[in-house]
Amino acid sequence: MRIDLHTHSTESDGTDTPAELLATAAAAGLDVIALTDHDTTAGWAEAEREVLRTDGASPVRVVPGAELSCSCQDGRGNAITVHLLAYLFDPSSRALVEEQSRLRAQRRSRLYSMALRMAEDGFPVDPDRLMAELPADSPGGRPHLGRALVGGGTVSSVDEAFDRYLGSGGEYYLPRSDTPVHRAIDMITEAGGVTVLAHPFAGRRGPMVTAEVIGELAEHGLRGVEVDHPDHDAAARAELGRLADELELVPTGSSDYHGTNKTIGIGQETTPPESLDRLVRQSTGSEIIG
Ligand code: AMP
Ligand code: FE
Ligand code: FE
Ligand code: ZN
């Protein structure tokens, strides 16, 4: 059984539609994927339709999920951004619907401002066109601006756009005001779901939380931690594995697939079946599709 619990579709900053994502997963020999678009559950319906269309014959089952942008103290006195994977929650939970909608609106206005600043400095991006090309009410993100910069010939890859302009230390980076992580854990728990801290030791993305902070989140109801992730080196994986054992957090592994916006293939990292079982047993909000 091969399970990848972290993927993105065109409903956020991936390049496969949810239906294409299922085909990509099947071609990669996966049995289960989680659809974890940033700050939206809009892709769940298409994934469900696609699984139903194949009349139960879809080789791939889908864990409905999302990746929530959260603010968190890093344990060293700084406020930072962390990503929280949420699975198997009730998507109609009112507090969650409202907060996700606020985050998406904020993402779009922030993306527009970043693009406008670049346009004013002479970069070949058109902020209005960029926004018009996003699905309505979708969570725009820096990868969309990165692709526009690739299209305009400024950089040769989205990675290069991050390295040169869009990363958290970059000249055109603008912050967001995300959901406090305790509140996000509470909202998902109240909606019957489970939360897993995404790529906590991915140092190349920016500042990270300490192990003490992960312990404190576990006390607050966090259920799992992403151990195997493309942005974790061997030392990070070893330490997170130890922490998961000690704190009784469910260890997961995932590719964080974003289609052609990143170089990682789907299924490049996987989650042990017993980890998925533990997450399913602790959730009541919705069920695996298929
Ligand atoms: P945003 O959601 O606008 O804050 O942008 C962050 C997203 O950009 C993450 O979810 C990743 O998908 C992507 N990302 C972060 N760092 C990089 C990078 N170095 N290269 C390509 N994509 C990245
Ligand atoms: Fe992303
Ligand atoms: Fe993430
Ligand atoms: Zn992700």
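The values are calculated or read from the model by the stated rules, or taken from the named source; none is laboratory data. If you're wondering where the values come from, they're calculated on a predicted model, not measured in any experiment. When we count neighbours, we look across all protein chains shown, and the Cβ atoms used for this are built from the backbone with ideal geometry, even at glycine. Remember, those area values only see protein heavy atoms, side chains included, never the ligands or the DNA or RNA. Shrake-Rupley method; radii C 1.70, N 1.55, O 1.52, S 1.80 Å.
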Give all pairs with beta carbons closer than 8 Å in which a residue from region 250-262 that is at positive phi and among the hydrophobic types (A, V, I, L, M, F, W, C) meets a residue that is within 12 Å of ligand 3 (Cβ to nearest atom) and open to solvent by less than 10 Å² (accessible area, probe 1.4 Å); count only pairs at least 6 apart in sequence or on separate chains.
none
Of the residues in region 1-51, those that are of a type outside the set (D, E, K, R), farther than 20 Å from THR195 by Cβ, open to solvent by 20 Å² or more (accessible area, probe 1.4 Å) and not in a loop (DSSP other than H, G, I, E, B) come to ALA19, ALA23, THR24, ALA26, ALA27, ALA45
Hey, LEU130 modelled with pLDDT of 95 or more and over 18 Å from the mean Cα position of the chain (by Cα) or not:
yes
I'd like the residue in region 228-260 that is open to solvent by 10 Å² or more (accessible area, probe 1.4 Å) and within 25 Å of ALA26 (Cβ to Cβ) and, out of all such residues, is farthest from ligand 1 (Cβ to nearest atom).
ASP228
Every listed condition ((1) in contact with an Asp or Glu (Cβ under 9 Å, 6 or more places away or on another chain); (2) on the phi < 0 side of the Ramachandran plot; (3) assigned to a loop (DSSP other than H, G, I, E, B); (4) away from ligand 2 (no atom under 16 Å from the Cβ)) holds for GLY192 save (2)
Residues PRO135, PRO124: which one is loosely packed, with under 15 Cβ neighbours inside 10 Å and at pLDDT below 95?
PRO135
How many residues of region 175-202 are open to solvent by less than 40 Å² (accessible area, probe 1.4 Å) and either of a type outside the set (S, T, N, Q) or in contact with a Pro (Cβ under 9 Å, 6 or more places away or on another chain) (or both)? The answer is 17
From the list ARG104, ARG110, pick out the single residue that is open to solvent by 10 Å² or more (accessible area, probe 1.4 Å), touching a Pro at 6+ places or on another chain (Cβ under 6 Å) and not hydrophobic (A, V, I, L, M, F, W, C).
ARG104
Among the residues in region 54-65, are any farther than 18 Å from GLU287 by Cα and more than 16 Å from ligand 3 (Cβ to nearest atom)?
yes
Would you mind stating whether ASP159 is within 9 Å of ligand 1 (Cβ to nearest atom) and open to solvent by less than 70 Å² (accessible area, probe 1.4 Å)?
yes
